[in-house]
Amino acid sequence: MTGVVIVGGGQAAGQLAINLRNRGYAGPVTLLCAEPHLPYQRPPLSKGLLTGETDAARARLRDAEYYAEEKIDCRTGTRATGIDTAARELRLADGSTLGYAQLVLATGASPRTLPLPGAELDGVLSLRTLDDALALRARLATGSRLAIIGGGFIGMEVAASARKLGCQVDVIERESRVLARVLSRPMAAALADRHETAGVRIHTGATVAALEGEDRLRAVRLGSGDAIEADTVLIAIGVTPNTDLAGQAGLTVKDGIVVDSACRTSAADIFAIGDCCRFPHPQYGSLRLESVANAMGQARTLAGVIFDGRGEYADLPSFWTDQYELRLQMGGVAGPEDEAVVRGTPGEAGFAVLYLANGGLRAAEVLNDSKGFLATRRILSGQAQASEQQLRDQSVPLAELAAMQRRTDK
């Protein structure tokens with residue numbers, strides 16, 4: 001047996017290897033990274049790496065010396081192609097096999113594609129990997145024309161980065177507003193206003209009929225017949241979890257590799273963490289999350305499970321996005337029937353949308369107010385309490401809600 005084998009090269013995979021060693025796990029740890037890079041963080045790909053504020057080396061979780069010192073066998077450019085659960089072996093693309101005592105699938109997700117005429121043209125890109133980010137950065141010269149298909153977090157983060165570099169930016173979104181699937185209408189409107197102030201042209205309720213050009217991309221043809229001139233198109237319409245390896249091995253898959261609260265799959269000694277897995281949450285039910293906080297939390301939990309057999313993942317779902325000078329932090333998962341309560345002035349520090357259900361707080365979106373967000377986290381996680389009246393009271397800053405509870409307890 002070769003101890004713990006981790007398939008993946010992102011935040012969840014790399015963090016698990018680090019956490020195992022920090023816990024004191026002394027057995028063999030093998031990291032199989034399909035990309036030719038050491039495990040790295042993905043948030044800089046749409047932000048600092050594009051603007052030049054950071055570089056590829058700083059995006060790494062650890063450098064090569066760390067893996068050598070900690071005796072972590074980190075194999076880059078190594079792709080797993082199959083799992084033999086009976087033999088406890090992993091098949092690799094080079095034809096070799098690798099045994100495991102525990103196998104962890106941290107396979108991440110892949111960008112969705114659009115089957116459009118012209119999708120093969122030079123200049124049509126997606127953004128998921130470090131190489132994707134480097135290819136996009138090379139095209140974002142001042143005055144270049146970028147069209148982004150998709151107005152979710154990745155699309156809008158790239159739009160902000162490209163405008164900082166002086167690019168012309170058009171965002172094309174088929175819904176009636178950007179960020180419709182991830183944010184409340186008031187918060188999404190505040191971010192959209194900031195983009196438009198920066199010069200981003202946002203086209204909502206728009207579909208794409210074709211990408212046009214001969215040798216390279218020239219324009220995006222909308223379903224309305226209008227054309228948007230572009231040198232580069234970024235397709236940013238979301239991702240799908242990488243579950244092929246799990247599915248072929250007979251593991252339970254349902255929009256993600258299904259795991260329990262200890263990150264165990266339906267097969268013995270096989271686990272899954274990060275963007276690729278679907279897990280039960282005690283407050284919010286069955287979830288599949290694409291966030292750094294989730295990747296790190298599950299890596300921490302699983303390290304405990306592997307080390308001493310104990311651990312349950314129940315972290316509060318948390319997300320963040322940076323666009324221009326705005327930092328939006330989110331906690332919890334809103335339900336379709338929750339009431340959205342707006343606090344503060346749109347676009348200004350402390351602007352927040354709180355989701356209320358059954359008289360209590362279920363989720364929160366907080367803009368440029370880290371202390372206020374931490375207060376909502378304490379309330380959401382049960383470390384503090386706030387009445388519905390207090391949550392609605394505009395005269396009480398969010399940051400004081402948890403403090404009010406502490407004063408009440410004295």
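Restricted to region 164-198, and to residues there that are in a loop (DSSP other than H, G, I, E, B) and of a type in the set (A, V, I, L, M, F, W, C), the residue that is nearest to GLU229 (Cα to Cα) is CYS167. Restricting attention to region 213-257, the residues that are in a loop (DSSP other than H, G, I, E, B) and within 30 Å of ALA268 (Cβ to Cβ) add up to 9.
Among the residues making up region 201-256, those that are within 23 Å of SER291 (Cβ to Cβ), in contact with a Lys or Arg (Cβ under 7 Å, 6 or more places away or on another chain) and of a type in the set (Val, Ile, Thr) are ILE237, VAL239, THR240. What's the number of the condition GLU53 fails, among (1) surrounded by fewer than 15 Cβ atoms within 10 Å (Cβ to Cβ); (2) assigned to a helix (DSSP H, G or I)? Unmet condition: (2). Within region 209-217, does at least one residue satisfy the condition of being charged (D, E, K, R) and under 21 Å from ASP132 (Cα atoms)? Within region 209-217, one or more residues are charged (D, E, K, R) and under 21 Å from ASP132 (Cα atoms).
Of all positions in region 109-119, at least one carries a residue that is within 14 Å of GLY8 (Cβ to Cβ), in contact with a Lys or Arg (Cβ under 8 Å, 6 or more places away or on another chain) and in contact (Cβ under 8 Å) with a residue 40 or more places away in the chain.
Inspect all residues belonging to region 112-119 and state whether any of them is under 19 Å from the mean Cα position of the chain (by Cα) and on the phi < 0 side of the Ramachandran plot. Within region 112-119 (the criterion being under 19 Å from the mean Cα position of the chain (by Cα) and on the phi < 0 side of the Ramachandran plot), the answer is yes, since at least one residue qualifies. Restricting attention to region 142-163, which residues are part of a loop (DSSP other than H, G, I, E, B) and either of a type in the set (A, V, I, L, M) or under 20 Å from GLY123 (Cα atoms) (or both)? THR142, GLY143, SER144, GLY150, GLY151, listed by residue number.
Taking the condition farther than 24 Å from ASN368 by Cα, within 27 Å of the chain's Cα centre (by Cα), free of Cβ contacts under 8 Å to residues at least 60 places away in the same chain and not in a strand (DSSP E or B), does ALA206 pass? In short, yes. Quick one: would you say ALA363 is buried (at least 21 other Cβ atoms within 10 Å of the Cβ) and free of Cβ contacts under 8 Å to residues at least 40 places away in the same chain? Criteria met by ALA363. Sub-7 Å Cβ pairs linking a first residue in region 37-59 that is touching a residue at least 24 places away in the same chain (Cβ under 8 Å) to a second residue that is outside any loop (DSSP other than H, G, I, E, B) and among the hydroxyl-bearing types (Ser, Thr, Tyr), at least 6 apart or interchain, are HIS37/THR76; LEU38/THR76; SER46/SER161; LYS47/SER161; LEU50/SER161; THR51/SER161; ALA59/TYR40, ordered by first then second residue.
In region 375-399, the residues that are outside the structural domain of GLN283 (by TED's automatic domain parsing) and hydroxyl-bearing (Ser, Thr, Tyr) form Cβ pairs under 6 Å with partners that are surrounded by 19 or more Cβ atoms within 10 Å (Cβ to Cβ) and in a loop (DSSP other than H, G, I, E, B), at six or more places apart or across chains, as follows: SER381/LEU316. Inspection of region 287-303 finds a residue satisfying the criterion of being free of Cβ contacts under 8 Å to residues at least 60 places away in the same chain, assigned to a helix (DSSP H, G or I) and surrounded by fewer than 20 Cβ atoms within 10 Å (Cβ to Cβ). Restricting the first member to region 1-25 and to residues that are under 17 Å from GLU290 (Cβ atoms) and in contact (Cβ under 8 Å) with a residue 24 or more places away in the chain, and the second to residues that are acidic (Asp, Glu) and surrounded by fewer than 24 Cβ atoms within 10 Å (Cβ to Cβ), the beta-carbon pairs closer than 7 Å and six or more apart or on different chains are GLY9/GLU35.
Residues of region 89-130 that are of a type in the set (S, T, N, Q) and not in a strand (DSSP E or B): SER96, THR107, THR113, SER126, THR129.
Taken over region 18-44, residues that are closer than 21 Å to ARG91 by Cβ and either among the hydrophobic types (A, V, I, L, M, F, W, C) or surrounded by fewer than 19 Cβ atoms within 10 Å (Cβ to Cβ) (or both) amount to 8.
When THR376 is tested against (1) under 21 Å from ALA192 (Cα atoms); (2) crowded, with 16+ Cβ neighbours inside 10 Å; (3) of a type in the set (S, T, N, Q), only condition (1) is not met. Selection of region 60-86 for residues being surrounded by fewer than 17 Cβ atoms within 10 Å (Cβ to Cβ), assigned to a loop (DSSP other than H, G, I, E, B) and in contact (Cβ under 8 Å) with a residue 12 or more places away in the chain yields ASP63, GLU70, LYS71, GLY77, ARG79, THR85.
Working only within region 171-224, note down all residues that are in contact with a helix residue (DSSP H, G or I) (Cβ under 7 Å, 6 or more places away or on another chain) and either among the β-branched types (Val, Ile, Thr) or buried (at least 20 other Cβ atoms within 10 Å of the Cβ) (or both).
VAL171, VAL178, LEU179, VAL182, LEU191, HIS195, VAL200, ILE202
The values are calculated or read from the model by the stated rules, or taken from the named source; none is laboratory data. The model shown is predicted, which means the values in this text are computed figures rather than measured ones. With ideal geometry, Cβ positions are generated from the backbone for all residues, glycine too; neighbour counts draw on all protein chains shown.
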